[in-house]
């Protein structure tokens, strides 16, 4: 039986909940079943994501691939549909998919270095990210129904609306020591921004520099959490995690300059980027409070307050 190392991020994170622990108990069997079904020879797992087991693997013909088996949850179901739509343009290619075991056989990126690990001027790294986003967004929105109904790409209107309701409910129930006005503004933005989007695209959903890898002389995205909606939603993780702007000598000025750069590169309204930065950080703060991590949520609220100055 395959052994799953206890120090993997997905093991640490999913061990926090009963559902996660139940899935982890089935994971060794899933790895063996998927490997047999696809004729794969997996290597040691990568120390990566918090909701999936990922390992380099080799096909019978010697092709190097990545095997990813995900913990079933709402945000991951549409990944295969989005990867098929993008078809290797701006994202890794999908070779095989097991919808029952939530397993993906993916293109292996070589050299596979994260944009987050590169020593680059912030503006250069942001432009690299913007190039990848433009390529992803250019694919349009899928027509018709997916082969598996669970793979339908949800709308940002629906997802963010649910988040906005949760923010309000958690603030009332938990009463964390957060700025009530800012929380209310975040909840409002989660409802209002998607409904007022000037256009809709298939979003990556988690476009941080750790999910942008070098491949074949270019850059591609991995680990999408796809949604259909306002393109400005995709920008905050890139903006906030390249050469951490919040730790600069003048963070407000740095954020204003970098927001303007990305808005120009992507033809977006900088106020919408700032609005989504506030909304996403407020949602994160209340999620953390709900999971007993109020102090971490307070750090998110401080970042949200900084972005709110740009509105």
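The numbers here are math on the coordinates, done by the rules we state, and not lab data. No experiment lies behind these values; they were computed from the predicted model shown. Positions of Cβ are generated from backbone atoms using ideal geometry, with glycine treated the same way; all protein chains shown enter the neighbour counts.
To the nearest ten degrees, helix 180-195 and the longest principal axis of the Cα atoms of the chain are 60 degrees apart. Estimated from helices alone, the mean residue ellipticity of the chain at 222 nm is -15000 deg cm²/dmol (sum of -39500 (n - 2.57) over DSSP H runs with n ≥ 4, per residue). Taking 0.36 nm per residue of separation and subtracting the current Cα-Cα distance, fully stretching the chain between residue 141 and residue 58 would add 26.6 nm.
Annotation: the residues 141, 157, 235, sorted from fewest to most other C-beta atoms within 10 Å of their own C-beta, follow the order 141, 157, 235. Per the Debye formula on identical point scatterers at the alpha carbon atoms of the chain, with no solvent, log10 I(q)/I(0) at q = 0.13, 0.14, 0.15 Å⁻¹ is -1.00, -1.16, -1.32. Debye-formula intensities of the stretch 9-108, expressed as log10 I(q)/I(0) at q = 0.13, 0.24 Å⁻¹, are -0.44, -1.40 (one equal scatterer per alpha-carbon, no solvent). Axis of helix 270-290 versus longest Cα principal axis of the chain: the two differ by about 70°, to the nearest ten degrees. In this rough spin-label picture, where each label sits 7 Å from Cα along the Cβ direction, the residue 2-residue 293 distance is 2.6 nm.
Please give the Cα centre distance for the stretch 158-220 versus the stretch 84-100, rounded to the nearest Å. The stretch 158-220 and the stretch 84-100 have Cα centres separated by 24 Å. Percent of Cα pairs in the stretch 264-304 per distance bin of 5 Å, from zero to the largest separation: 6, 26, 23, 15, 11, 9, 6, 3.
With everything on Cα atoms, drop me the angle between helix 294-308 and the longest principal axis of the chain, reported from 0 to 90° to the nearest 10. Once rounded, one gets 60 degrees. With 0.36 nm allotted per residue and the present C-alpha distance subtracted, the residue 33-residue 175 stretch has 46.6 nm of extension available.
DSSP finds beta bridges in the chain, and of those with both partners inside it, around 95 percent are antiparallel.
If you plug the beta carbon distance of residue 184 and residue 127 into 1/(1 + (r/R0)^6) with R0 = 35 Å, you get a FRET efficiency near 0.50. For the pair residue 302 and residue 13, label points projected 7 Å from Cα toward Cβ lie 2.3 nm apart. Net length available on complete extension from residue 116 to residue 250 is 46.1 nm, with 0.36 nm assigned per residue and the Cα-Cα distance removed.
In terms of surrounding Cβ atoms within a 10 Å radius of their Cβ, 136, 40, 59 rank from fewest to most as 59, 40, 136.
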